[in-house]
Amino acid sequence: MVDFAESTKMAVKTLAANRLRSALTMLGIIIGNASVITMVGVGEGAREYAAGQFESLGPNVLFIIPGSPASQNRTLERPRALTFEDSEAIATQVPTVDSVAPQLVTQQTVVAGNLNTNSTITGVTPEFTTVRSFEVDAGRFITDEDVERGTRVVVLGPDLADSLFPSESPIGQTLRIRNVSFEVIGVLEAKGAFLGDNQDDIAYTPLTTLSSQITGNTSPYGLEISFISVMARDEQSMTAAQFQIQNLLRLRHRIVDEDSFTVRNQKDALELIGNVTGALTVMLAAIAGISLLVGGIGIMNIMLVSVRERTQEIGLRKAIGASEQDILTQFMIEATILAALGGAVGTLAGSGGIMLVSALTPLAAGVSTTAVIVAVCVSGGIGLFFGVVPARQAAKLDPIVALRSA
Amino acid sequence: MKDIIRFQDISKIYGSGNTEVRALSHVNLTVQEGEYCSIMGPSGSGKSTAMNIIGCLDRPTSGRYELDGTDVAQLSDADLAIIRNRKIGFVFQQFHLLAQLSALENVMLPMVYASLPQRERQERAAEALTKVGLGNRMNNRPNQLSGGQQQRVAIARAIVNQPVLLLADEPTGALDSHTTQEVMSIFAELNATGITVVMVTHEPEVARLTQRVVWFRDGEVMHDHMAPEDLGQLTVVT
């Protein structure tokens with residue numbers, strides 16, 4: 001019996017003697033591996049990106065939106081609105097809540113001098129910055145006094161500030177929203193986009209001002225708002241807060257059957273996104289895995305041709321003393337080297353692809369160590385598996401027949 | 001003198017029933033240590049089958065075959081591989097050198113399967129190549145060598161494991177008359193050093209250079225120890 005190192009040396013020599021063929025044989029495995037690594041990496045990147053986006057909403061945040069969970073997205077019926085009073089009730093009566101930020105959202109044309117833009121205007125209370133983790137870059141944010149007195153002041157997102165006041169400091173300037181003039185009192189720090197939505201081109205006014213001067217929305221139950229953001233005391237009290245808010249609102253709205261509102265937990269959203277991207281990653285990896293399998297079949301194919309072509313060599317090796325086991329080992333090693341080397345090259349190519357994706361898109365795709373290990377091991381295994389048939393065929397060759405075939 | 005080859009009542013039958021072919025029929029043959037012997041016969045005479053059995057590439061259907069005192073008829077395939085490696089040196093008509101290996105590496109190949117250490121392999125391969133007069137072409141690939149030189153590399157490969165028997169199958173079949181002489185003189189030299197040589201050939205002028213001719217016909221040994229003058233007559237018959 002020839003030892004393993006010796007068989008490997010012989011296999012390497014043979015593969016090196018047919019460089020082009022070896023390279024082409026590996027191609028299938030290379031592509032398979034590269035796609036596995038890239039797909040898994042991009043999938044992970046997408047998941048992390050989504051997670052990061054939800055983190056940026058602020059920690060431990062719950063959202064209360066009008067409409068029952070069942071009716072979400074499938075009814076035109078207008079659900080009972082949430083009110084400013086609802087939000088104040090939550091702030092004062094729910095013990096697991098840290099702060100509550102009611103928000104009233106509307107689209108309006110904003111005019112400053114001769115510049116104008118269509119923009120989202122959000123009516124807020126001072127708690128907004130705490131709950132949603134916004135920071136003021138210049139000037140100040142809206143205060144309780146602003147909300148109480150309904151002052152006509154506005155805080156701008158940095159992008160909106162830049163487009164309305166390109167050459168001067170916006171603080172102290174005046175702008176008009178639906179012919180009502182507002183004084184700019186502050187500019188927020190850049191926050192970036194949330195799932196592709198720019199959060200930096202929004203104007204913030206006191207909730208009461210926006211309601212009374214611009215939207216004029218009233219409901220029989222009080223000052224109507226769009227939704228409420230709530231920050232729980234800590235991560236552990238999220239579930240409790242959700243439950244308590246639900247109970248409180250059911251009492252306040254005198255609900256006996258279906259809720260007219262939905263309390264959304266950002267963790268739920270995260271989990272949903274995780275599930276979706278996870279399923280997507282598995283699917284992509286499965287497709288890539290199939291190409292890996294096809295690559296393995298390619299190796300088997302070429303190895304079978306190679307056995308046929310090298311019949312005389314095999315016959316000679318047997319005549320001069322190679323046992324069946326020796327021939328089997330040699331061909332198995334050849335197949336495994338092809339597959340494992342293809343796996344390694346494919347991994348490098350996949351890592352390159354991931355770097356390209358990271359450079360060109362906001363997805364911070366990373367090379368997953370698990371994916372690399374799995375891909376290389378699977379390739380090696382595929383080489384072993386698909387090497388068996390050709391190697392057995394080689395080992396079983398009758399040396400007399402093999403030597404006479406010319 | 002000890003017997004290297006001893007065939008006792010060897011038969012080889014291919015197929016069965018109506019398609020049965022009796023390639024060898026109750027052959028008795030003994031070759032002693034140091035002999036230089038050629039096997040001749042028309043095609044289908046059984047000489048190739050005899051050759052394959054002598055070389056442990058095939059097993060007889062019945063009978064007893066002792067190679068260098070070992071009964072090899074009942075050995076496993078793996079054991080036969082070892083016997084071929086240690087006791088027999090093969091030389092083929094088509095040389096069968098591996099194209100991707102140098103002359104030296106080709107000669108080292110049998111020692112790879114004998115699991116000898118790398119250094120010893122190199123030394124012995126170089127020695128064997130020098131013996132066949134190719135000490136200066138060791139690093140050439142087969143395609144950089146002439147036919148005669150390639151056959152000499154093959155002979156060096158055959159003797160490198162110091163076999164008890166050098167078995168050549170039409171060793172000059174692919175060579176011109178000049179290189180045939182060259183190769184035959186190497187066989188003669190090797191035989192002079194005590195190696196037993198058995199070769200299958202269909203060329204009378206080659207057989208004439210050996211000391212003993214065994215003539216096969218219809219699966220049987222028809223003549224043994226033929227006189228050179230009879231050889232001429234018999235070839236006419238075929």
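Tabulated values for the structure
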| read-out | value |
| --- | --- |
| Rounded accessible area of A:K13 (nearest 10 Å², 1.4 Å probe) | 80 Å² |
| Rg/Rh (Cα only; Kirkwood hydrodynamic radius) as it applies to the protein assembly as shown | 1.38 |
| A:Q325/A:V105 FRET efficiency (R0 51 Å; Cβ-Cβ; nearest 0.05) | 0.10 |
| Extension gain, A:L27 back to A:L115 (0.36 nm per residue minus Cα-Cα distance, nm) | 25.9 nm |
| Rounded to the nearest 10 Å², the accessible area of A:L328 at probe 1.4 Å | 50 Å² |
| Per-q log10 I(q)/I(0), the range A:317-406, q = 0.16, 0.17, 0.22, 0.25 Å⁻¹ (Debye; single scatterer per alpha-carbon; no solvent) | -0.71, -0.76, -0.98, -1.10 |
| Nearest-0.05 FRET efficiency for A:F4 and A:A51, computed from C-beta distance (R0 45 Å) | 0.45 |
| Gained length - A:L20 relative to A:E85, 0.36 nm times residue gap less alpha-carbon distance | 15.8 nm |
| Reference-scaled alpha-carbon Rg (2.2 N^0.38 Å with N residues) for the range B:1-117 | 1.19 |
| 10 Å Cβ neighbours from other chains, averaged over peptide B:42-54 | 1 |
| Peptides ranked, highest mean first, by Cβ atoms within 10 Å: ranges B:137-149, B:102-114 | B:102-114, B:137-149 |
| Label-point separation in nm, A:D398 to A:L360, each point 7 Å along Cα→Cβ | 5.8 nm |
| Cα-Cα P(r), the range A:111-185, percent of pairs per 10 Å interval | 17, 55, 27, 1 |
| Estimated distance in nm for a label pair at B:E20 and B:Q32, the labels positioned 7 Å out from Cα along Cα-to-Cβ | 3.7 nm |
| Residues in the range B:147-168 that a label on B:N140 would reach, taking backbone N under 14 Å of a point 7 Å out along Cα→Cβ | B:147-154 |
| Accessible-area ranking of B:D68, A:D268, A:D197, A:D326, largest first, probe 1.4 Å | A:D197, A:D268, B:D68, A:D326 |
| Extent along principal axes [Cα atoms of the range A:153-197; Å; largest to smallest] | 32, 23, 15 |
| Shape call, the range B:42-89: gyration tensor on alpha carbons, a/c limit 1.5 | prolate |
| Under the span-like rule (Cα at least 30 Å along the axis, Kyte-Doolittle mean at least -1.0), DSSP H helices of chain A | A:19-55, A:266-309, A:324-360, A:369-396 |
| Rounded accessible area of B:H202 (nearest 10 Å², 1.4 Å probe) | 110 Å² |
| Inverse mean reciprocal Cα-Cα distance (Kirkwood Rh) of the range A:1-136, Å | 22.0 Å |
| Rounded if a/c under 1.5, otherwise prolate or oblate - the range B:119-165, Cα gyration tensor axes | oblate |
| Solvent-accessible area buried by pairing A with B, both sides, nearest 100 square angstrom, 1.4 angstrom probe | 2200 Å² |
| Value of relative contact order over chain A, rounded to a whole percent, pairs C-alpha under 8 Å and six or more apart | 30 percent |
| When each of A:K396/B:K131; A:K9/B:K87; A:K396/B:K12; A:K396/B:K47; A:K13/B:K87 is checked by Cα-Cα distance, pairs over 30 Å | A:K396/B:K131 |
| Chain A - percent of accessible surface contributed by carbon and sulfur, probe 1.4 Å | 59 percent |
| Chain B pair-distance distribution - Cα-Cα, 10 Å bins, rounded % | 8, 32, 35, 20, 5, 0 |
| Rounded tilt (10° steps) of B:118-131 against the dominant C-alpha axis of chain B | 70 degrees |
| Cα-based Kirkwood hydrodynamic radius, the range A:81-252, one decimal, Å | 16.6 Å |
| Between 0 and 90°, nearest 10: helix B:103-113 axis offset from chain B longest Cα axis | 60 degrees |
| Pairs of Cα atoms farther than 12 Å apart, the range A:1-45, % | 70 percent |
| DSSP beta bridge pairing in the protein assembly as shown, given as percent antiparallel to the nearest 5 | 70 percent |
| Helix axis angle, B:228-237 relative to chain B longest principal axis, alpha carbon, degrees | 70 degrees |
| Theoretical FRET efficiency, 1/(1+(r/R0)^6), r = Cβ-Cβ of A:E168 and A:N247, R0 41 Å, to 0.05 | 0.20 |
| Label-point separation in nm, A:V282 to B:A78, each point 7 Å along Cα→Cβ | 4.5 nm |
| Along chain A, longest interval not containing exposed GluC sites (Glu not before Pro), exposed being DSSP loop plus at most 16 other Cβ atoms within 10 Å | A:259-406 |
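The values are calculated or read from the model by the stated rules, or taken from the named source; none is laboratory data. Computed from a predicted structure; not experimentally measured. Every residue, glycine among them, receives a Cβ derived from its backbone with ideal geometry; neighbour counts consider all protein chains shown. Ligands, DNA and RNA are excluded from the accessible area calculation, which covers all protein heavy atoms including side chains. Shrake-Rupley method; radii C 1.70, N 1.55, O 1.52, S 1.80 Å.
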